[in-house]
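The values are calculated or read from the model by the stated rules, or taken from the named source; none is laboratory data. Quantities reported herein were computed from a predicted structural model and do not represent experimental measurements. No Cβ is skipped: glycine too gets one built from the backbone with ideal geometry, and neighbour counts run over all protein chains shown. For accessibility, only protein heavy atoms count, side chains too; no ligands or nucleic acids. Shrake-Rupley method; radii C 1.70, N 1.55, O 1.52, S 1.80 Å.
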There are 2 protein chains.
Amino acid sequence: MLNQSSALDHLFQALADPTRRVMVERLCRGPASVTELAAPFSMSLPAVVQHLQVLESSGLVRSEKVGRVRTCRIEPAALRAAEGWIQQRRTMWERRLDRLGDFLAESGEPAKTIQGEEP
Amino acid sequence: MLNQSSALDHLFQALADPTRRVMVERLCRGPASVTELAAPFSMSLPAVVQHLQVLESSGLVRSEKVGRVRTCRIEPAALRAAEGWIQQRRTMWERRLDRLGDFLAESGEPAKTIQGEEP
């Protein structure tokens, strides 16, 4: 539970940066070398590598060096874990709203009148 | 685009903390006062309020003070925005995988043999 929580900390932390999100987006289109990943950014290669390290330690990206080229790939299970956490909470919220709607329908109140509970 | 990116920075940053995720989870079950939100944690009220401020400035939570009680609610649109970003990238990745599978099927190669590309 603690490990899962810590994994989510790292996943969301990794996604909380625009450069890293562009890298994730690029890798969702297919594997890329570090040089290819760095291409859209006007930052030093060490800065790019640092972002990559955050992505790798979060589990979102893995890389493999063959000869002089390091190829990076997305790790879809990590994307699904982050998405899954949010999705489960959203579903929880929507179910609660449905139950509230049912309750109001049974008691003859229009659901709309509950302030701040509309989807 | 920049604003949307900055909004995602704040959303993922807000979700990158276990205390804040417990608060989000609690609010998905229904509105709660600050005291109710603080109950499961062995931390000072100011520390709880600080976490709440991060959640509010990310747009995930909004609160309203009536009399002496501040009531907090989840903002489902913000949850959906964070979920949507990840979902779109995951879909992008899965489509690429499907195209790759089709290509290999047409060329008579079993898709399984592509290392590191299995879902």
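Take the conditions of a type outside the set (D, E, K, R) and within 9 Å of chain B (Cβ to nearest Cβ) and apply them to A:Q13. Does it pass? So that I can check it myself, show each step before the final result.
Working: of a type outside the set (D, E, K, R): yes; within 9 Å of chain B (Cβ to nearest Cβ): yes.
When the stated conditions are applied, A:Q13 passes them.
Provide a single number: the residues in segment A:1-41 that are touching a strand residue (DSSP E or B) at 6+ places or on another chain (Cβ under 7 Å) and more than 17 Å from A:A82 (Cβ to Cβ). It would help to see each step written out before you state the result.
At the first step, the residues of segment A:1-41 found to be touching a strand residue (DSSP E or B) at 6+ places or on another chain (Cβ under 7 Å) are A:24, A:26-28, A:31-34, A:37.
Still in the list and also more than 17 Å from A:A82 (Cβ to Cβ): A:26, A:31-34, A:37.
Counting residues in segment A:1-41 that are touching a strand residue (DSSP E or B) at 6+ places or on another chain (Cβ under 7 Å) and more than 17 Å from A:A82 (Cβ to Cβ) gives 6.
Is it true that A:S5 is small (G, A, S), open to solvent by 60 Å² or more (accessible area, probe 1.4 Å) and without any contact (Cβ under 8 Å) to a residue 60 or more places away in the chain?
Numbers: small (G, A, S): yes; open to solvent by 60 Å² or more (accessible area, probe 1.4 Å): no; without any contact (Cβ under 8 Å) to a residue 60 or more places away in the chain: yes.
No; evaluated as a whole, the condition is false for this residue.
Test A:V66 against the stated conditions and say whether it is modelled with pLDDT of 95 or more and β-branched (V, I, T). Explain how you work it out, then say what you get.
Values: modelled with pLDDT of 95 or more: no; β-branched (V, I, T): yes.
No: the conditions fail for A:V66.
For segment A:48-83, how many residues meet the condition of being free of Cβ contacts under 8 Å to residues at least 24 places away in the same chain, within 11 Å of another protein chain (Cβ to nearest Cβ) and open to solvent by 50 Å² or more (accessible area, probe 1.4 Å)?
5
Would you point out which residue out of A:R29, A:R21 is closer than 18 Å to B:W93 by Cα, within 14 Å of chain B (Cβ to nearest Cβ), open to solvent by 70 Å² or more (accessible area, probe 1.4 Å) and not aliphatic (A, V, I, L, M)? I'd like the intermediate steps shown before the answer.
On the way: A:R21 fails: open to solvent by 70 Å² or more (accessible area, probe 1.4 Å).
A:R29 is the lone residue from the list that is closer than 18 Å to B:W93 by Cα, within 14 Å of chain B (Cβ to nearest Cβ), open to solvent by 70 Å² or more (accessible area, probe 1.4 Å) and not aliphatic (A, V, I, L, M).
Yes or no: A:S44 of a type outside the set (D, E), farther than 17 Å from B:W85 by Cβ, touching a residue at least 12 places away in the same chain (Cβ under 8 Å) and surrounded by fewer than 16 Cβ atoms within 10 Å (Cβ to Cβ)?
Numbers: of a type outside the set (D, E): yes; farther than 17 Å from B:W85 by Cβ: yes; touching a residue at least 12 places away in the same chain (Cβ under 8 Å): no; surrounded by fewer than 16 Cβ atoms within 10 Å (Cβ to Cβ): yes.
It is false that A:S44 is of a type outside the set (D, E), farther than 17 Å from B:W85 by Cβ, touching a residue at least 12 places away in the same chain (Cβ under 8 Å) and surrounded by fewer than 16 Cβ atoms within 10 Å (Cβ to Cβ).
Among the residues of segment B:35-47, is any at pLDDT 95 or above, in a helix (DSSP H, G or I), within 23 Å of A:H10 (Cα to Cα) and away from every other protein chain (no Cβ under 14 Å)?
Yes - at least one qualifying residue is present in segment B:35-47.
When the residues of segment B:75-92 are filtered to those that are within 12 Å of the chain's Cα centre (by Cα) and aliphatic (A, V, I, L, M), which remaining residue is nearest to A:R90 (Cα to Cα)? Reasoning before the result, please.
Of segment B:75-92, the ones within 12 Å of the chain's Cα centre (by Cα) are B:75-87.
From what is left, the residues that are aliphatic (A, V, I, L, M) are B:77-79, B:81-82, B:86.
On the way: B:A77: 10, B:A78: 10, B:L79: 7, B:A81: 11, B:A82: 11, B:I86: 14 Å.
Looking at the filtered set, the residue picked out is B:L79.
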